[in-house]
Amino acid sequence: MTPSSKFQPSRRRFLAESGALVVSFALARYADAQPAASAPGSLAKAPNLDSWIRVDADGAITVFTGKVELGQGLKTAITQIAAEELFVEPKSIRLVTADTARTPDEGQTAGSNSMKDSGTAVMNAAAQVREMLVGLAATRFGVERNALLLQDGAIRTRDGRTATYGELVANQSLHVAAQAQSSLVEAKARRYIGKSMPRVDIPAKVVGGAAYVHDLRLPNMVHARVVRPPNRSARLTMIDAQTIEKMPGMVKVVRNGSFLAVVAEREFQAIGAMRAANRAAKWDMPQARGATDAYAALAAAPHEDFVIQGDKSPITKAWTRQATFRRPYQMHASIGPSCAVALYEGEKLTVWTHSQGVYPLRGSIAEMLKMPLERIRCVHMEGSGCYGHNGADDAAADAALIALALPGRPVRVQWMREQEHAWEPYGSAMTTTVQAVLQSGSITDWQFEVTSGPHSTRPERKGGYLAAAWLLQEPMAPPPPQPIPQPDGGGDRNSIPLYSIPNVRVVHRFVRDPTLRVSALRSLGAYMNVFSIESFMDELAAAANADPVAFRLRHLADTRAQDAIKLAAERFGWSDFKRRPGKGRGFAFARYKNHAAYAAIAMEVDVDRDGGRIDVTRVVAAIDSGDAVNPDGIRNQTEGGIVQSLSWTLYEAVRFDDKTIESRDWASYPIMRFASVPRSVEVHVIERPGTPFLGTGEAAQGPTSAALANALADATGVRIREIPLTPERVRAALSQA
Amino acid sequence: MITLKVNGQTRNVDADPATPLLYVLRDHLQLNGAKYGCGLGQCGACTVLVEGEAVFSCITPILVVQERSIRTLEGLGTAEHPGAVQQAFIDEQAAQCGYCIPGMIVRTQALLEKNPAPTDEEIRKALNASLCRCGTHMRILRAVRRAAQSFKAGKA
Amino acid sequence: MRRTSVEKPPNLSAGPKIVARRALALVGAMLFALAGACLIGQQALQAQTPSTRTVSDPAVVAKGAALAAIGNCASCHTAEGGKTLVGGRALDTPFGTVYSTNLTPDPDTGIGRWSAREFRRAMHQGIGRDGRELYPAFPYDHYTRVIEEDADAIFAYLMSHDPVRAKIPENRMIVPRPAVTFWKSLYFKPGPLPPDATHDAQWNRGRYLVEGLGHCGACHKPRNALGAEDPQRALAGGRIEGWSAPALNAQSPAPRAWTVENLTTYLRTGFDMQHGVAAGAMAPVTQNLATVPEADVRAIAVYIASQMRGARPAESPTASSNPASETAQVAEDAVPDSFGAAATGTDGSAVYKSACAGCHERAQRGIPLSLSTTITDATSANLVRITFEGVTPREGQAGGIMPAFGGALTDRQMTALAEYLRKEIAHAPPWSDIEREIAKARDEQKGKKPS
């Protein structure tokens, strides 16, 4: 992947045309279109170039991003982008990810927005820095810009005079505001963007390098464990801290109201103390909540209705078909339970955390501790895959609280598996109802209603969303969650069909206070809404006697959508599919959020009618993420989304009773293992260089689930509308068929 | 004092014999490979080799592994000289968050040392005790097959 | 004939067993009997019209499905990793290896040409469609008790499947089929069970299922040298694939008496908090029973419980009275006691406390071992195997996971642990077979492709 360090004709050609430019962004293509005058992507919020790019006197290049590595390949992609526009090799880029002391504030790394927000910002900032350097060199050497060559972090004239980037910026400041437009490298001249450069973070991870916040070891560090109540409403009435503090290695028992933690020199000592504290603590258990049926509770709960498409009044038609779908609470269930390290020293608090949003977290911790923002620094270090809002922020808050009780000593908090399972916020239970009218094989009317709890309770600068804050002596109540507005949406994400239908009405019933703690889980409401829409599309296709793929194509105007569908169908061999008893095929498509990545999935299954088991044999996907920075990264994320969505859709539902969460570990919340992953998963990336970044990470969740349900129906004639598609449900449905 | 043989070195640790090996590796010996995933022997993130067998270090007290040869991820190769399995995982880009991968690599090493030409079914069975939440399974399987090539060619 | 190889959990496989030396001595006797047996050959029935895939009454098919689950047909008639009911599983007996047949209605390789009558004859008399003897690895010594209507329902269920064409491997039996006639003359009593009027309908239903389709005695009864169940020692315990199938009669070793409730739970879920987990060959039995109407499982439990009446529970004084009391608490109790540096890896008490107690003395995790039949059983076979292999629930299903300790523990440590548990927790006389079972268990692990 290292480009030749020789002169490259293409580069010279580019520079000769330096005035007339390359690709500039059509800003209007973004759904959240900025006015043309403002800088692109996150540059709008952090417009100074030196917020993003720093060139030291010795030529070292540092790139700053407010987004974080979640295992999705962000570090690599941003490095590629910066290397491309700065005309240096990727290995010479030092990348700094979200740190409240060092990087721009880009909010949460969520919503598959990193390329759109940060990639765009870095691309443009790097390009503009490069242009500045070229200008500086032109002045210095008294030559035209187009007579200069960039190579290995230096700029040279034709007659061999050279200045390194470091020398060029020596007396210059990059503290200049970004322009709205940049001279970007032409797609055909690219060296790094569009190449599947190997991930920069994988080598350390496979040899045991310190790669995660879990691996952070600071001098004098102590180990802490939190002691959580049996449920979030229980109150701590008694704990004999003194006895526990006498256990081997114990440093301190920290108590603030019902917040309880034990701190020891060694990790296993802390675990022992935690267990002793669990035994010894007395909790005041509140009245049981009473709700054990997620769907009954959802239906009965107070809600607000938002009509996000169509008229206020319902469509009253004789429906050709209608159906209701259900999805239970599901977990992130990150493989590595949450962890954080915090140090309170000199009245300054530093927290190392795998939170997706260090700035919002800092604001929340500040409010919880009643400390000024400036005294708190939150630094991102990798955790295991989070897939949304898991326990990371809470672990950070726990560490902060404990650190304040032990000034001068770094405190490491590691959540236990049971704690992560029980305390993380889940993906909300949801129900949907779909109704449609078919006339002459086309859908004329469509009504969709989705009932859901919130899909974000992220601690956005509010202490009350942190679990620790609920337990304090002076507890903070979580502020009422808000629905996420369209065009992104929360429970209503992807609830508006992309299909061309003359009369569409969509209602979002927002249940502010569902039974369990909920927040953002990969793709938010899109997983369930696409499951419903795409399952229903197959039912309509069957009613219209149409092939499911052809039926979808017929209803889509978006050519890129059509391209994705056709590619997936063709690579799957949709029209040549050989029928065999027990074998079925299913198809599904969605454009994430209706304005982001396009994903089409075709799937083949074998169904064992006796056991009710669905064996997914083959999955073929096509994804269009716009400008593909790292095609293999896109494939990796999509493969992962497919396998994860299969696990959700086949196995996963949080079990709970009226007092507590029963899903505590992998025994009580099983997920897919190697025994059941498909025989093959193929992902075909449609690359569209020079077009806006559309993101990737969440696009496959919804279509995979519906493709599975559709394949089951194709194989057996049986339609299941409740997730997960367990063997019991399949057997029950088969016996009734 | 408990004496452990880790990655070819003899190490003396001052730890309660009941301490699970995982915490000794991480806390006392500062080794990062073995990871805490569940502490219950359910997920395999903590997997190490004891006398060539894949073992959950989170539920194995150091009491029972004294004087027995323990190999962790770090013992299979380094950044400068990755082992065959590690290299295969790099070549296949077999990681998303990567947290489960050390366990996968160690379990793969155990498999290939005994059976250098496993079938797909055998690979799936061998790795079944290790969980991956990101859905990297397909790449992991490819990495194991690639590593098997190295073992077969005597390059491991 | 010693039948082995019911559907196993993933980490067991069927490998050929060494032919018992005793068996070789008997071969001579068999061959002598063969001469006589040849004169008594069975005839094929009148040629039947080949059946095609039959469309039967769904209610009958559903009933047949439940009965087949009780009969565990799929466990033997499915190869490891193979398609359901297509056969091809190797069943090891001391007389060789027999492969299970294809029960899908394929006309050439399956039962597609069979009639209901021929199927009944196979079930009741152990005769194949072509009139030849069937090896009693197929437990027709039990299935002979299945009433006609039930056999027909099972047949309808089998015939409702999609036909799958599959050639199965040739048997490798040292005893030729006609010799089975001799065996039958000694040990096979065909015919139904007359109802027992001294018990109620539920008990009778249970007995019908246990002694018939359930063929529990095939594992839970001792066998004689010629591999026949000993009729005098009903449900007195047996061995299957290295595992012990404990006595289900008055010799039941369970520390706490089984109630009908416990048994029903155990049979339907594979676990009971007062007794333990279904492991080894029993796991697929409970997985199948989970799909059967509860009333039938309860009937089985009623019958078995009645057989166990008179068993004297050996409940040890250390058994906790209410191990599952903390429903609300995240139960993280039972810290292993610290012990001095003197504790070594061959100190069974230290091994138990540091490796086992963390789960087995924690509410809602492993059961307290004082309640486990595994350590009160006559043999250490199950303790060794469960410890080495762990417990794995069915893929995707919630259920207890016990990690495998075979790699973590040396043979000496396992021995010390077993001796400690037997003495200090079971309070029972020492086992004499610990080292032998450890060696056998290690061999069983090696016999499979390693993992």
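Provide a single number: the residues in the stretch B:45-70 that are surrounded by 24 or more Cβ atoms within 10 Å (Cβ to Cβ), out of contact with any Leu (no Cβ under 6 Å at 6 or more places or on another chain) and closer than 17 Å to B:M104 by Cβ.
Within the stretch B:45-70, residues that are surrounded by 24 or more Cβ atoms within 10 Å (Cβ to Cβ), out of contact with any Leu (no Cβ under 6 Å at 6 or more places or on another chain) and closer than 17 Å to B:M104 by Cβ number 6.
Among the strands (runs of 3 or more DSSP E) lying completely within the stretch B:29-129, list those that include at least 1 residues that are over 12 Å from the mean Cα position of the chain (by Cα) and within 14 Å of chain C (Cβ to nearest Cβ).
Passing ranges, in order: B:69-71.
Between C:D411, C:D443, which is more than 26 Å from C:T286 (Cβ to Cβ), away from every other protein chain (no Cβ under 11 Å), among the acidic types (D, E) and without any contact (Cβ under 8 Å) to a residue 12 or more places away in the chain?
C:D443
Take the stretch B:1-15 and flag every residue that is over 15 Å from A:Q269 (Cβ atoms) and in a strand (DSSP E or B).
Matches in the stretch B:1-15: B:I2, B:T3, B:L4, B:K5, B:V6, B:Q9, B:T10, B:R11, B:N12.
Matching residues to (1) surrounded by 23 or more Cβ atoms within 10 Å (Cβ to Cβ); (2) at pLDDT below 95:
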| position | (1), (2) |
| --- | --- |
| A:S42 | yes, no |
| A:P47 | no, yes |
| A:D56 | no, yes |
| A:V68 | yes, no |
| A:L74 | yes, no |
| A:I78 | yes, no |
| A:I81 | yes, no |
| A:D99 | no, no |
| A:G107 | no, no |
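Hey, among the residues in the stretch B:16-28 that are at the interface with chain C (Cβ under 10 Å from one of its Cβ atoms) and either under 15 Å from the mean Cα position of the chain (by Cα) or part of a loop (DSSP other than H, G, I, E, B) (or both), which one's modelled with the highest pLDDT?
B:L21
Does A:F87 meet the test of being within 23 Å of A:Y165 (Cα to Cα) and in contact (Cβ under 8 Å) with a residue 40 or more places away in the chain?
Judged against the criteria, A:F87 is a match.
Which of the residues spanning the stretch C:354-404 are within 9 Å of another protein chain (Cβ to nearest Cβ), outside any loop (DSSP other than H, G, I, E, B) and closer than 21 Å to C:R268 by Cβ?
The one that is within 9 Å of another protein chain (Cβ to nearest Cβ), outside any loop (DSSP other than H, G, I, E, B) and closer than 21 Å to C:R268 by Cβ: C:M402.
Among residues belonging to the stretch A:651-703 that are in a helix (DSSP H, G or I) and more than 13 Å from chain B (Cβ to nearest Cβ), point out the one that is nearest to A:A296 (Cα to Cα).
If we take residues in the stretch A:651-703 being in a helix (DSSP H, G or I) and more than 13 Å from chain B (Cβ to nearest Cβ), then A:G702 is nearest to A:A296 (Cα to Cα).
Results for (1) away from chain B (no Cβ under 14 Å); (2) in contact (Cβ under 8 Å) with a residue 24 or more places away in the chain; (3) of a type in the set (G, A, S); (4) not in a loop (DSSP other than H, G, I, E, B), shown as yes or no for each residue.
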{"site": "A:L150", "(1), (2), (3), (4)": "yes, yes, no, yes"}
{"site": "A:D159", "(1), (2), (3), (4)": "yes, no, no, no"}
{"site": "A:A180", "(1), (2), (3), (4)": "yes, yes, yes, no"}
{"site": "A:R228", "(1), (2), (3), (4)": "yes, yes, no, no"}
{"site": "A:T243", "(1), (2), (3), (4)": "yes, yes, no, yes"}
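When you look at C:F95, is it more than 29 Å from the chain's Cα centre (by Cα), of a type outside the set (G, A, S) and modelled with pLDDT under 95, yes or no?
No: the conditions fail for C:F95.
Could you go through the stretch A:129-136 and let me know if any residue there is of a type in the set (K, R), buried (at least 21 other Cβ atoms within 10 Å of the Cβ) and farther than 25 Å from A:G71 by Cβ.
yes
Among the numbered conditions (1) touching an Asp or Glu at 6+ places or on another chain (Cβ under 9 Å); (2) assigned to a loop (DSSP other than H, G, I, E, B); (3) buried (at least 20 other Cβ atoms within 10 Å of the Cβ); (4) in the same structural domain as A:A436 (by TED's automatic domain parsing), tell me where A:P481 comes up short.
(4)
Collect the residues in the stretch C:261-288 that are among the aliphatic types (A, V, I, L, M), within 26 Å of C:D230 (Cα to Cα) and not in a loop (DSSP other than H, G, I, E, B), keeping them in residue-number order.
Correct list: C:L263, C:L267, C:M282, C:A283, C:V285.
I'd like the full set of residues that are of a type in the set (K, R) and at pLDDT 95 or above, limited to the stretch C:127-165.
C:R145
Going through C:Y157, C:Y135 one at a time, which residue ends up being in a loop (DSSP other than H, G, I, E, B) and aromatic (F, W, Y)?
One residue alone meets the criteria, C:Y135.
Pick out the one residue from A:G194, A:G249, A:G257, A:G208 that is within 11 Å of chain B (Cβ to nearest Cβ) and surrounded by fewer than 20 Cβ atoms within 10 Å (Cβ to Cβ).
A:G249
For the stretch A:182-213, give me each residue that is free of Cβ contacts under 8 Å to residues at least 24 places away in the same chain and touching a Lys or Arg at 6+ places or on another chain (Cβ under 7 Å).
Passing the criteria: none in range.
Inspect all residues belonging to the stretch A:618-630 and state whether any of them is out of contact with any Asp or Glu (no Cβ under 8 Å at 6 or more places or on another chain), within 15 Å of A:G695 (Cα to Cα) and either at pLDDT below 95 or within 13 Å of another protein chain (Cβ to nearest Cβ) (or both).
yes
Just the residues that are surrounded by fewer than 24 Cβ atoms within 10 Å (Cβ to Cβ) and part of a loop (DSSP other than H, G, I, E, B), please, taken from the stretch A:333-361.
The answer is A:G346, A:E347.
Exactly one of these conditions fails for A:I155: (1) surrounded by fewer than 19 Cβ atoms within 10 Å (Cβ to Cβ); (2) free of Cβ contacts under 8 Å to residues at least 24 places away in the same chain. Give me its number.
Of everything listed in (1) surrounded by fewer than 19 Cβ atoms within 10 Å (Cβ to Cβ); (2) free of Cβ contacts under 8 Å to residues at least 24 places away in the same chain, A:I155 misses just condition (1).
It is to be established whether one or more residues within the stretch A:393-409 are touching a strand residue (DSSP E or B) at 6+ places or on another chain (Cβ under 8 Å) and assigned to a strand (DSSP E or B).
Within the stretch A:393-409, not a single residue is touching a strand residue (DSSP E or B) at 6+ places or on another chain (Cβ under 8 Å) and assigned to a strand (DSSP E or B).
Is it true that A:G695 is at positive phi, of a type outside the set (S, T, Y), assigned by TED's automatic domain parsing to the domain that holds A:A622 and modelled with pLDDT under 95?
Considered against the rule, which asks whether it is at positive phi, of a type outside the set (S, T, Y), assigned by TED's automatic domain parsing to the domain that holds A:A622 and modelled with pLDDT under 95, A:G695 comes out as no.
Six or more apart or on different chains, Cβ atoms under 6 Å: show the pairs whose first residue is in the stretch A:598-613 and assigned by TED's automatic domain parsing to the domain that holds A:R552 and whose second is in a strand (DSSP E or B) and among the basic types (K, R).
As it stands, the answer is A:Y598/A:R591; A:E604/A:R585; A:E604/A:R618; A:D606/A:K583, since those pairs meet every condition given.
The values are calculated or read from the model by the stated rules, or taken from the named source; none is laboratory data. The shown structure was predicted, so the numbers you read here are calculated from the model rather than taken from an experiment. Quick reminder, even Gly has a Cβ in these numbers, built from the backbone with ideal geometry, and neighbours come from all protein chains shown.
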